[in-house]
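The values are calculated or read from the model by the stated rules, or taken from the named source; none is laboratory data. Predicted model, so just to flag it, every value in this text is computed and none were measured. Neighbour counts run over all protein chains shown; Cβ positions are idealised from the backbone, glycine included. Calculation scope for accessible area: heavy atoms of the full protein, side chains included, ligands and nucleic acids excluded. Shrake-Rupley method; radii C 1.70, N 1.55, O 1.52, S 1.80 Å.
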Amino acid sequence: MKITTQATGLKFPEGPVALPDGDVLVVEIHRGTLTRIRPDGTTTVVAEVGGGPNSAALGPDGRVYITNNGGMLAFEDNGYTWAGGIAPDYVTGSIQTVDLGDGSVRTLYTEADGQPLRSASDLVFDAHGGFYFTDYGKSDGITGDKGRLFYAKADGTSITQLTGGMEGPNGIGLSPDGTRLYVNETFTARLWWWEVIAPGEIRGGRSTGGSGGGNFLYTPGEYINFDGLGIEADGNICVASMIRPGISVVSPEGELVEFVDIDVDGDPGITNICWGGPDLRTAYITASATGKLVRVDNWPRPGLVLNHQVVEGRDGNR
């Protein structure tokens with residue numbers, strides 16, 4: 001693998017999205033933007049979305065869908081910049097869409113069943129025009145929310161809470177055949193899964209006391225934090241891992257396939273991963289605590305073509 005820094009100067013980048021022309025989209029939590037990064041590293045703001053955009057994905061209508069945590073504080077630790085807490089102007093979390101043509105922003109959801117979204121974190125689309133997303137919750141350092149998992153339709157007509165009571169649910173992904181939903185928690189560093197029995201219907205319960213009723217899959221035997229995740233074409237789950245910076249590659253059976261160290265100026269904040277290029281062997285990884293986008297050529301295995309992703313003219317709808 002060849003690891004290079006593609007872009008610098010970003011304000012806590014997250015949620016990379018590879019486009020078929022070689023550009024990459026990221027959200028910047030502390031800038032409140034959706035930003036386009038070209039192969040030469042130049043950046044352009046696509047849209048000012050406000051709050052704290054946390055992740056992004058291409059939807060069935062060609063728009064970019066954004067989970068917005070509503071705003072976080074920037075704080076320094078050992079020379080690195082992090083995101084957490086509640087911004088002074090925080091109102092609620094939300095789901096937004098951005099038109100890549102004109103940069104227009106629409107707020108799709110701010111609540112579910114009369115309860116506000118607190119800190120929408122990561123999302124993944126299924127093949128049926130809907131998406132699953134995590135709500136991490138907010139904490140003021142004294143009290144804090146339990147995390148929740150939702151399913152919503154891309155047209156803005158329906159949003160449903162699937163489960164709650166989780167400890168900071170963050171990264172989320174679907175298996176290649178769409179029958180498993182994976183979610184990890186940040187500080188517990190645990191990876192959970194549910195059976196998808198119908199669009200927006202999941203079933204867990206195999207693990208006694210499983211977070212949100214989920215089935216336990218994996219946790220590392222060292223101090224580490226989890227953030228976003230991506231899925232390889234063969235079904236492995238690639239979890240962006242902080243503290244020990246890198247990618248934990250976990251099999252669907254719960255075994256650690258390998259740990260890929262990602263050293264970007266010692267940045268301990270490796271937060272997300274996606275794949276692009278004609279063979280899906282180019283990984284794009286956010287090194288958030290130093291504000292960088294990293295490109296990894298010749299990733300050991302190809303990434304999964306996501307629903308609604310286009311790669312070299314291929315339609316990702318499965």
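Of note:
- Number of positions in segment 251-276 that are surrounded by fewer than 24 Cβ atoms within 10 Å (Cβ to Cβ) and among the hydrophobic types (A, V, I, L, M, F, W, C): 6
- Residue pairs meeting the criteria (Cβ under 8 Å; at least 6 apart or on separate chains; first without any contact (Cβ under 8 Å) to a residue 12 or more places away in the chain, in segment 175-204; second in a strand (DSSP E or B) and open to solvent by less than 20 Å² (accessible area, probe 1.4 Å)): Arg203/Trp194
- Qualifying residue in segment 106-128 (condition: touching a residue at least 60 places away in the same chain (Cβ under 8 Å), open to solvent by 50 Å² or more (accessible area, probe 1.4 Å) and at negative phi): yes
- In segment 232-243, the residues that are open to solvent by 10 Å² or more (accessible area, probe 1.4 Å) and not polar (S, T, N, Q): Ala233, Asp234, Met242, Ile243
- Only residues that are in a strand (DSSP E or B), within 18 Å of Val310 (Cβ to Cβ), in contact (Cβ under 8 Å) with a residue 40 or more places away in the chain and open to solvent by 10 Å² or more (accessible area, probe 1.4 Å) were counted in segment 19-54, giving 1.
- The number of residues in segment 200-226 being closer than 23 Å to Asp177 by Cα and not polar (S, T, N, Q) comes to 13.
- Identity of the residue in segment 81-94, part of a strand (DSSP E or B) and without any contact (Cβ under 8 Å) to a residue 60 or more places away in the chain, that ends up farthest from Arg148 (Cα to Cα): Gly84
- If you go through segment 1-18 and keep only what is open to solvent by 30 Å² or more (accessible area, probe 1.4 Å), outside any strand (DSSP E or B) and either β-branched (Val, Ile, Thr) or under 21 Å from Gly71 (Cβ atoms) (or both), you end up with Thr8, Gly9, Lys11.
- Flag if Gly246 is closer than 27 Å to Ile66 by Cβ and buried (at least 23 other Cβ atoms within 10 Å of the Cβ): no
- All positions within segment 55-80 that are buried (at least 17 other Cβ atoms within 10 Å of the Cβ) and either part of a strand (DSSP E or B) or of a type in the set (Phe, Trp, Tyr) (or both): Ser55, Ala56, Ala57, Leu58, Val64, Tyr65, Ile66, Thr67, Asn68, Tyr80
- Scanning segment 129-148 for residues that are buried (at least 24 other Cβ atoms within 10 Å of the Cβ) and assigned to a strand (DSSP E or B) yields a total of 7.
- Matching option when the condition is in contact with a Leu (Cβ under 9 Å, 6 or more places away or on another chain) and under 18 Å from Thr134 (Cβ atoms), among Gly51, Gly71, Gly84: Gly84
- Boolean, Ser288 is touching a residue at least 12 places away in the same chain (Cβ under 8 Å), in contact with a Ser or Thr (Cβ under 6 Å, 6 or more places away or on another chain) and polar (S, T, N, Q): yes
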